[in-house]
Amino acid sequence: MSSPKSQSGQIDPPSVRAIRGSFLDFVDDPFYAPEAESARYIADGLLVIEDGKIKAFGTYTDLQSEYGDVFTTTYKERLMMPGFIDTHIHYPQTEMIAAYGEQLLDWLNQYAFPTEKKFQDKAYARKIAEIFLDQLLCNGTTTALVFAAVFPQSVEAFFEAAERRNLCMIAGKVMMDRNAPDYLCETAEAAYEETKTLIQKWHHKGRLRYAVTPRFAITSTPEQLRKAGELLKEFPDVYMHTHISENVNEVAWVKALFPDCDGYLDAYDKAGLVKERCVFAHGVHLTDGEFQRLSEAGSAIAFCPTSNLFLGSGLFKIEQAKSAEHPVKLGLGTDIGGGTSFSLLQTANEAYKVAQLRQQKLSPFQALFLATLGGARALCLEETLGNFEIGKEADFIVLNLRATPLMAFRNAPDAPSTLSELADQVFSLIIMGDDRTVQATYVMGEIAYEQESFQWPCS
């Protein structure tokens, strides 16, 4: 069915539209519920969208009588999923991805800090923000929790670019007042004031949200962490985003810097930074007690396997984060530029291997849950994002499970008829997939990226 024309002869976008094809999403957590009950697969489904939100969702057979006349786009031999959610990434580090040869602390000094200095120039920050968001969308990521740089203009540039694209993004200005180059440090009071100004301007502006962002305990004095905690009290629904227990040398340094604290997490806890909407990246070397505390507080961990392997940080204890006794909200993070790919498919690939090295299992449905509804829960966004429930915002992606010659050889063209057949195909998607498998990315029901028509900007 074609779109109607206005009196001027221009094609008007339909007020209600539909997408037909195969769909996969999650209605429960497959780490705890049987996969047959937590994964929802519809081989021939219909997603009906009105004003950027999901109006109806179900089988085509059930919905065709009511919505058969609605303007419909059909994707044959494709799989639709909710947009991917990246729970930890640094946009200023886009240009230094794949920087060779160091572990965390040396890597920061040699590569990350000098690169982030460039973001005092807002024009430069704008350029990188556009490239960064292009990369997210072509990899199927529609929401991310993002580190900017220490300079307020780096946050302004990022939010301006995200707002133009109508994206749900969470970001914040880095706070540092010690153990970093002078050109990246500021006083605890200045960081507080600049952050407060940014919160008041950007938090809940459109689909944007703000995260108070102390880089990690090593680069913040106890005074600055307390100032971050004050901001969480003043603005109870903002986020807090930082790093924790990524590297053994880092953990030892935190112990020396905070001798009165009972471990790394306690340095944040004493400042009021361990609660809901607080997201801690990595957590490779968390203790049993720290996992328990994060569970009690409703905080979340961003699991960043490509970065943890690339920087030699260690193997994250997925089974402990997802234990029945003390479950912690968990999402996947690409952690660009310590991470090595913007693709959450490739991130899931490495997560599977981390589990294998720990003699654990990570099923394809568990991995994709972490990239969608699990990520939404980690970011307290499950009421608006993460699956195809009616009323949620229509951010979703179109995946081609036969995007490369080898994937086409591996996977049959027909839609799987059973969940076990689907599991086999989506596992191959995780292991072999990347940006080439993302045919289209929709934001609030509108195409934001389409592989065939997208033109990369000139460098």
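Some observations on this one:
- Whole-Hz ³J(HN,Hα) from phi, Karplus 6.51 cos²θ - 1.76 cosθ + 1.60, for region 300-314, glycine and proline x: 10, 10, 9, 8, 10, x, 5, 5, 4, 6, 4, 8, x, 7, x
- Shown here: Rg and Dmax of the Cα atoms in Å, derived from the displayed model; of the candidates (i) 24.9, 76; (ii) 21.7, 73; (iii) 23.7, 74, it corresponds to (ii).
- Within the shell of other residues whose beta carbon sits under 10 angstrom from the beta carbon of A267, the net charge comes to -2, with Lys and Arg scored +1 and Asp and Glu -1.
- Rough spin-label spacing in nm, given labels placed 7 Å along Cα→Cβ, for T384 and H204: 1.0 nm
- Computed from phi, the 3J(HN,Hα) profile of region 145-155 under the Karplus parametrisation 6.51, -1.76, 1.60 (θ = phi - 60°) reads 9, 10, 7, 9, 10, 6, 7, x, 5, 5, 6 Hz, with x in place of Gly and Pro.
- Degrees between helix 222-234 axis and first principal axis of the chain (Cα, 0 to 90, nearest 10): 40 degrees
- Seen against the Cα atoms of the chain and their longest principal axis, helix 344-357 is set at about 60 degrees.
- Once backbone amide H atoms are built at 1.01 Å from N, F147 has I89, H90, Y91 as its partners under 5 Å, excluding neighbours fewer than 5 places away on the same chain.
- Long-range amide H partners of M175 with built H, under 5 Å: T213, R215
- Using the Karplus relation 6.51 cos²θ - 1.76 cosθ + 1.60 with θ = phi - 60°, the per-residue 3J(HN,Hα) values for region 274-282 come to 10, 6, 5, 6, 9, 10, 10, 7, 5 Hz, with x marking Gly and Pro.
- Local electrostatic count at V443 - Lys and Arg +1, Asp and Glu -1, tallied over other residues with Cβ under 10 Å: -1
- Positive-end extreme of charge dipole, the chain - chosen from S323, V274, T143 (charges on Cβ): T143
- For M240, nonlocal amide neighbours, meaning residues 5 or more places apart or on other chains whose placed amide H falls under 5 Å from its own, are V212, C278, V279.
- Based on DSSP H segments of at least four residues, each scored -39500 (n - 2.57), the chain has a per-residue ellipticity at 222 nm of -10000 deg cm²/dmol.
- Taking Lys and Arg as +1 and Asp and Glu as -1, the other residues whose beta-carbon sits under 12 Å from that of T347 total -3.
- Length-normalised contact order of region 84-378 in % [C-alpha pairs under 8 Å, at least 6 apart]: 19 percent
- Contour minus Cα-Cα distance for Y124 and A99 (0.36 nm per residue): 7.0 nm
Coordinate-derived values only; no laboratory data. None of these values were measured; they are calculated from a predicted model. All Cβ positions, even for glycine, are placed from backbone atoms using ideal geometry, and neighbour counts span all protein chains on display.
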